[in-house]
1. Of the numbered conditions (1) at pLDDT below 95; (2) in contact with a Leu (Cβ under 9 Å, 6 or more places away or on another chain); (3) buried (at least 19 other Cβ atoms within 10 Å of the Cβ), V352 fails exactly one; give the number of that condition.
2. Quick test for you: out of P290, P295, pick the one residue that is in contact (Cβ under 8 Å) with a residue 12 or more places away in the chain, in contact with a Gly (Cβ under 9 Å, 6 or more places away or on another chain) and under 30 Å from V352 (Cβ atoms).
3. Tell me which of these T38 doesn't satisfy, since it passes every other one: (1) part of a loop (DSSP other than H, G, I, E, B); (2) hydroxyl-bearing (S, T, Y); (3) surrounded by 11 or more Cβ atoms within 10 Å (Cβ to Cβ).
4. Take the residues in the range 59-78 that are modelled with pLDDT of 80 or more and not aliphatic (A, V, I, L, M); name whichever of them is surrounded by the most Cβ atoms within 10 Å (Cβ to Cβ).
5. Going through L82, L24 one at a time, which residue ends up being closer than 28 Å to L184 by Cβ and not in a loop (DSSP other than H, G, I, E, B)?
6. Name the single residue that is farthest from the chain's Cα centre (by Cα) among those in the range 122-152 being part of a strand (DSSP E or B) and among the basic types (K, R).
7. Can we say T271 is surrounded by fewer than 14 Cβ atoms within 10 Å (Cβ to Cβ), closer than 21 Å to G329 by Cβ and either among the polar types (S, T, N, Q) or at pLDDT 90 or above (or both)?
8. Quick one: how many residues across the range 253-276 are part of a loop (DSSP other than H, G, I, E, B) and either assigned by TED's automatic domain parsing to the domain that holds E351 or touching a helix residue (DSSP H, G or I) at 6+ places or on another chain (Cβ under 6 Å) (or both)?
Amino acid sequence: MPTYGVTPTGFVRKPLQQIRQDILQYWIDNVSVGIDTTEEGLEAQFAGAVAAEVDEVWAAQQAEYASRDASQAEGQALDDLLRLKGVYRLAATSSLVGMTVTLASGTYPAGSLVVTVAGDTTARFANDATIVTAGGTLTGQVFRAETPGPVRANAGSLTNIVPTVGFTAATNPTDAVLGQARELDADFWYRAELETATTGSATADAVRSEILASDAAIRFCRVYVNDEPTTDANGVLGNAVEALVVGGADQTIRDAILRSKAGGIRAVGTTSGTATDSQGNVYSVGFSRPTVVTPYVLVTATANEDLYPGDAMVKQLLVDWADANLTVGMDVVRAQLTRLVMELPGVYDVEVRLASTYGALPSPGALSNFFVGVRGQADFDSGPALPADPYITVNHVAATGPA
């Protein structure tokens, strides 16, 4: 049984000192028993230099071995492995801050107004949306950090304007709401273990893996299998398999399904077409795309206006959170949104209402979660459905302390 390298218990890396000793021993055995092996000797120093180079090869072998195991893989190798399970690393989000700015009359495209923290020009924030103004001082303008992750800007620190015609003054009355760093390897792996811990059909797993591996543009895949002769609770037809896929080319997905599904089982879904097997036989193959649904959201916060970051920034924060977290089949839970807003500075209380139509927001039913179903995906839209019916409405009630 080998001591180092690939062993029955895994990969064991040879220590640097052992590499150096093995080189010296080889010279003793094959060149001369009289070589100088003391630390000051030329042979020992040369062996040390060679050992350092060989150690890098061992390090590369260890990394290659680890890259095939999700519990050991790092960086891109971990991303590639977990993608085959349909789990993707959470990207970094940007810090947001509510700004008070003084502008001349005109139109200022998104990203054209840049302000930095006094004394720290690396903490750069830019306007998140186009600003059209007749001139004057505007409050509650949302600015986004140009660098993703937790970029800090304490209240009153964003005053250093990058020279722009018409942009004469800026400040942030409240602290920036910090963005999140890119998900760490350990957190990513642990979340993937939780998300894929449920037991599934071997056929479903095979079809899912084949689909995910077929096209790098595929961002999500879930496969439902119904072994019974009648339609099941998920709406899958009897004796059929249905893949729910986001991204990727239709034909590539159909070909992957045909290669991996069991013979005699139908592949069904709302997107239909044909695929050809290796014998030239043509089959009807279907799969489904998620149905995107846009909930109406009404948030009412009770907050200290001296600390509260502003309604516009809270609205953008909700959209950013939804983009980063809501996936296929994931319901919008009021408690999640409530917790998100409650963590903001100066907020004492929050009421969140959710509905599928704007007119239903005031009703008692809006105080329940928003259910999307197994084929749905919620997508927050910061713009209006109609001028008078915004998808997301955020307002606040001024207070100096908890009620």
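1. Every listed condition holds for V352 apart from (1).
2. Working: P295 fails: in contact with a Gly (Cβ under 9 Å, 6 or more places away or on another chain).
Within the list P290, P295, the selection yields P290.
3. Just one mismatch for T38, condition (3).
4. Filtering the range 59-78 for residues that are modelled with pLDDT of 80 or more and not aliphatic (A, V, I, L, M), the one surrounded by the most Cβ atoms within 10 Å (Cβ to Cβ) comes out as Q61.
5. Numbers: L24 fails: closer than 28 Å to L184 by Cβ.
When all the criteria are applied, what remains is L82.
6. My answer is R124.
7. On the way: surrounded by fewer than 14 Cβ atoms within 10 Å (Cβ to Cβ): no; closer than 21 Å to G329 by Cβ: yes; either among the polar types (S, T, N, Q) or at pLDDT 90 or above (or both): yes.
Criteria not met by T271.
8. From the range 253-276, those part of a loop (DSSP other than H, G, I, E, B) are 261-265, 269-270; that's our starting set.
In the following step, the residues that additionally are either assigned by TED's automatic domain parsing to the domain that holds E351 or touching a helix residue (DSSP H, G or I) at 6+ places or on another chain (Cβ under 6 Å) (or both) were identified as 261-262.
The qualifying residues number 2.
The values are calculated or read from the model by the stated rules, or taken from the named source; none is laboratory data. Here the structure is a predicted model, which means the values were calculated and not measured. Cβ coordinates were reconstructed from backbone atoms using ideal geometry, including for glycine residues, and neighbour counts include every protein chain displayed.
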